[in-house]
1. Considering only the chain, what is the antiparallel percent among its DSSP beta bridges, to the nearest 5?
2. Quick check: pseudo-label points 7 Å beyond the Cα along Cα→Cβ at ASP130 and HIS194, how many nm apart are they?
3. For region 161-218, which GluC sites (Glu not before Pro) pass both filters: DSSP loop (anything but H, G, I, E, B) and at most 15 other C-beta atoms within 10 Å?
4. Give the cross-link partners of LYS47 among the lysines, using a straight C-alpha distance below 23 Å as the criterion and excluding same-chain residues fewer than 8 apart.
5. Suppose a student asked you for the relative contact order of region 106-237, using Cα pairs under 8 Å spaced at least 6 residues apart; what percent would you report?
6. Calculate, for ASP121 and ALA165, the FRET efficiency according to 1/(1 + (r/R0)^6) with r their C-beta to C-beta distance and R0 22 Å; round to the nearest 0.05.
7. Would you mind pulling out the separation of the Cα centroids of region 98-133 and region 156-216, in Å?
8. Please compute the length gained on full extension between MET1 and GLU231, using 0.36 nm multiplied by the number of residues separating them and subtracting their Cα-Cα distance.
Amino acid sequence: MNPKIAVDGVTKTFDLGRERLVALDDVSLEIADNEFVTVVGPSGCGKSTLLNILAGLEHPSAGRALVDGVPVSGPGPDRGVIFQQYALFPWLTVRGNVEFGLKIAGVPRAERRARAEHFIDVVGLADFADVLPKALSGGMRQRCAIARAYAVNPEILLMDEPFGALDALTRVKLQEQLLSTWDRERRTVLFITHDVDEAVYLADRVVVMASRPGRIHDVVEVDLPHPRTEEVRLSAEFTALRNRVWNSVYHQDTVERTS
Ligand SMILES: Nc1ncnc2c1ncn2[C@@H]1O[C@H](COP(=O)(O)OP(=O)(O)OP(=O)(O)O)[C@@H](O)[C@H]1O
Ligand SMILES: [Mg+2]
C-alpha cells in the first residue's frame, strides 16, 4: 500500500548571512496510513523543520514531501497541527476557539456545538468553555489548542511537543486520551517529543534523529500491545525499548565519532 506520508530525500538549508545551516540532510521517511510515529532527538536536530515541511509551512530545499502521493504545497484541512506554544484567538472563548475550525469547514451550527462540547470535555475543560484564554493557565490553553485540532478531525495530526509545557499528571492523562482516541478512530500521527518514555508509550515506531546535520539516526519498532495500559507501561518490554531509544539518543555523538 502507498504510504500516507512520504518524505523523499528532503534537505533543508537556511541562509544565515555568510553561513548556510543544513537543518535537514537527505531525510527519507515513510509513514503508513493510521500509523503513529514519534520523533525524538537533541535540540536543533531538525524535528520542527521536518514537521513544518509536512504542515506546508516550510518548503524543502531539495527532495519532496508527499501526502497521499501529492507534494505538499501549503497548509490544508487534511493536516491538523499542534505546536508546543498554544496558539489561541485571545478574543474567542474556549468554545469559540474549538468551534472556529469547524465554522471555517462549514460544519452546521448544532453539530459544531456538539463536537466542540465533546472535545472540550475530553481535554477536561468543560467548566471553562465560556472563558477567554487570558483567564486560563498555560496547560489549560494548550489543552484548548488540542481540543481545537481534534475537533476538526483531520486525517493527519502533526504534533510538535504538544505536551511539553504541561505538568506530569496532565501530560500522562493527555497521552492516555490521545492513545484511546487513536485506538477508537485511527489517524496518521507524527508526534515530536523530548521525552523518551512518551515517545515509546505512544508509538508504533520511534524515529531517532541526530544533529549537525539533521538526519535520521535510528528507527525503533515498538511492538507493544494495545490498549497500552499501565501494565504495559510497567512491563519489562517497555523498559527494554525505552532503554534502547535512550541509548540511541544519548550515545549518538559516540556513534558519530567512531563510525
Ligand atoms: N527559519 C529559520 N531560519 C534559520 N535557521 C532556522 C530556522 N528554523 C530552524 N532553523 C535552524 O535549523 C535547525 C533545526 O531547527 P529545528 O527547530 O527544526 O530543531 P528542533 O529539532 O525542533 O529543536 P528543538 O528540540 O529545540 O525544538 C536549528 O539549528 C535552527 O537554528
Ligand atoms: Mg522543535
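The values are calculated or read from the model by the stated rules, or taken from the named source; none is laboratory data. Everything numeric in this text was worked out from a predicted model, so none of it was measured. Cβ coordinates were reconstructed from backbone atoms using ideal geometry, including for glycine residues, and neighbour counts include every protein chain displayed. Please note that ligands, DNA and RNA were not included when accessible areas were found on the heavy atoms of the full protein model with its side chains. Shrake-Rupley method; radii C 1.70, N 1.55, O 1.52, S 1.80 Å.
1. On the way: 22 of 39 bridges.
In the chain, approximately 55 percent of DSSP beta bridges are antiparallel ones.
2. Placing both labels 7 Å along Cα→Cβ, they lie 3.9 nm apart.
3. Numbers: sites: GLU176, GLU185, GLU198; in loops: GLU185.
Qualifying residues, ordered by number: GLU185.
4. Straight-distance partners of LYS47: LYS4, LYS12.
5. It comes to 18 percent, rounded to a whole number.
6. The value I calculate is 0.50.
7. After rounding, the separation between the Cα centres reads 23 Å.
8. Working: separation 230, 0.36 × 230 = 82.80 nm, distance 3.31 nm.
Separation in residues times 0.36 nm, less the Cα-Cα distance, equals 79.5 nm.
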